[in-house]
Structures are given as structure tokens and as C-alpha cells.
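Only one structure is covered here, and it is reproduced in the block below.
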Amino acid sequence: MLRSLRHFFRFVDLDSTFVAHGFYKKIGAAFVLNNKDPAYTDFGGAGGANACSWNVIRFEADDLISRHAGKSGAQIFDGVKISAIEFAPHEGPSTADDKTQDPGRHKSATWTRKEEGTSGVIKFDYIVDASGRMGIMSTKYLENRHFNQGLKNAASWGYWQGAGRYGARTPQEGVPYFEALSDGSGWTWFIPLHDGTTSAGVVINQDIATP
């Protein structure tokens with residue numbers, strides 16, 4: 001996580017929850033982009049001793065954020081999948097063009113909960129599509145998804161025990177380490193986590209990784 005994220009956490013009263021959880025403290029990061037010595041970003045250099053972020057285990061961090069949203073008044077629905085979005089016709093002219101469809105004004109969504117075998121419909125005035133790479137709105141209804149060719153990569157990773165720490169016995173000990181591949185086809189990461197494991201992986205251009 002970037003150092004700047006903590007400003008947003010403090011704004012919504014979530015920072016203390018992350019501090020108490022015990023994620024691995026991130027005081028900076030080391031990275032290599034060429035054949036020179038590693039560069040280092042020192043979070044404390046600009047913000048003092050408490051200017052840190054964390055290396056997080058993603059599902060734990062997501063759960064903290066979700067639960068906090070619920071405590072703050074949001075309705076949380078776990079284990080629910082949106083299978084369809086329903087629309088009403090526009091009262092005005094269509095906004096469709098040669099790049100984007102216009103299905104109308106969204107009004108409701110059909111949901112299913114597989115674990116309980118239940119389903120239903122939820123109505124709303126506004127929608128934010130947070131379905132990630134699935135992109136329900138852009139792929140199924142608007143049909144306007146655009147792929148950035150420079151980001152079409154493949155990643156391989158794992159979680160390792162006893163992997164050691166970058167920068168042992170130096171002020172940078174334990175910071176995450178990133179290195180670009182010498183041929184420019186991708187990059188690697190080495191990130192220690194609070195459960196004693198280290199996340200290590202490589203990202204490579206998809207055309208090279210899957211010829």
C-alpha cells in the first residue's frame with residue numbers, strides 16, 4: 001500500500017483499525033530499474049517516524065474496509081453475485097455512439113446467493129460498477145471495454161516460508177523489493193507479510209509468457 005493511503009484512512013476513521021490489525025509495517029521500498037544499485041523510497045524521510053504504510057494480505061485488508069463501511073452505515077451483502085442489471089428507457093435522446101451502447105437508465109439488479117440457494121432483485125438510483133476485471137457494465141451492457149496493450153501481462157507468484165529479508169542489518173531491512181527484468185519484458189516482487197510468509201512473483205508480457 002502507498003504511504004498516501006493513510007490520509008484517506010484517517011479521513012474515514014479507518015487508520016486505527018489497520019494499525020491494530022498488525023499488518024507488516026512498510027517504511028519504504030527498494031527497486032531496481034537498470035543495472036545500477038537499488039533505489040530506495042523512504043516514507044519516513046518526508047513524514048517522520050510514523051510515516052509508514054503496510055504490506056497487506058489482500059483479503060484481510062478488504063474485509064477490514066468492508067466491515068468498516070458497514071459500521072459507517074453502508075449495507076453489506078456477503079456471498080452475493082449480480083447476474084443481471086435491468087434498465088428503463090431514457091426519456092431523452094440516446095447517448096449511444098460508435099464506441100458505446102446505450103441500454104437505458106439502470107434501475108435494478110438481479111442477485112443470487114449460491115450458498116443459500118436464494119435470489120432476488122434490488123432497486124437503486126445510482127450504480128458504481130466495482131466488479132473489477134469482470135466489468136459487468138462495460139463488457140455486457142455498454143460494450144465499451146478498452147484493453148491497454150501495455151498492461152496485458154501474465155503473473156506467476158507464491159507465498160514462501162523462511163525467505164529471509166531484503167536489506168538485512170541495514171535501516172532498509174524488511175522493505176519490499178522490486179526489480180525490472182533486464183530485457184524490459186516485466187518485473188519481479190519480493191514482499192514480506194505479517195503471517196511470516198513472503199509474497200514473491202514475476203509479471204511478464206503476456207505474449208512472451210504465453211507464446
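The aspartates and glutamates whose alpha-carbon is closer than 15 Å to the alpha-carbon of Lys140, local same-chain residues fewer than 8 away aside, are Glu86, Asp102, Asp129.
Ordering Phe59, Phe18 by the number of other Cβ atoms within 10 Å of each residue's own Cβ, fewest first, gives Phe59, Phe18. Directionally averaged projected area (segment 81-141, Cα convex hull): 4.9 nm². Using the Cβ-Cβ distance between Met1 and Ser94 with R0 set to 35 Å, the FRET efficiency from 1/(1 + (r/R0)^6) comes to roughly 0.25.
For segment 3-114, a/c is not less than 1.5, where a ≥ b ≥ c are the root eigenvalues of the C-alpha gyration tensor, and a/b tops b/c. That puts it in the prolate class. Every helix of 4 or more DSSP H residues in the chain counts as -39500 (n - 2.57), and over all residues that averages to -4500 deg cm²/dmol at 222 nm. For segment 108-123 versus segment 1-58, the inter-centroid distance based on Cα atoms is 38 Å. Look at the alpha carbon pairs under 8 Å that are at least 6 residues apart: their mean separation over the length of the chain gives a relative contact order of 18 percent.
Residues Thr198, Thr17, ranked from the fewest to the most other C-beta atoms within 10 Å, line up as Thr17, Thr198. Using alpha carbons only, how many degrees (0 to 90, rounded to 10) separate the axis of helix 58-71 from the longest principal axis of the chain? Helix 58-71 sits roughly 50 degrees off the main axis of the chain. Across all directions, the average projected area of the convex hull around the alpha carbons of the chain is 17.2 nm². Here the Karplus relation 6.51 cos²θ - 1.76 cosθ + 1.60, evaluated at θ = phi - 60°, turns the backbone of segment 181-190 into coupling constants of 5, 4, 8, x, 8, x, 7, 10, 9, 8 Hz, with x for every Gly and Pro. Between Ala69 and Gln206, the contour length at 0.36 nm per residue exceeds the Cα-Cα span by 45.7 nm.
Every number in this text was worked out from the coordinates using simple rules, so none of it is lab data. For clarity, every value in this text was computed on a predicted model and none was experimentally measured. Ideal geometry is used to build each Cβ from the backbone, glycine not excepted, and the neighbour counts take in all protein chains shown.
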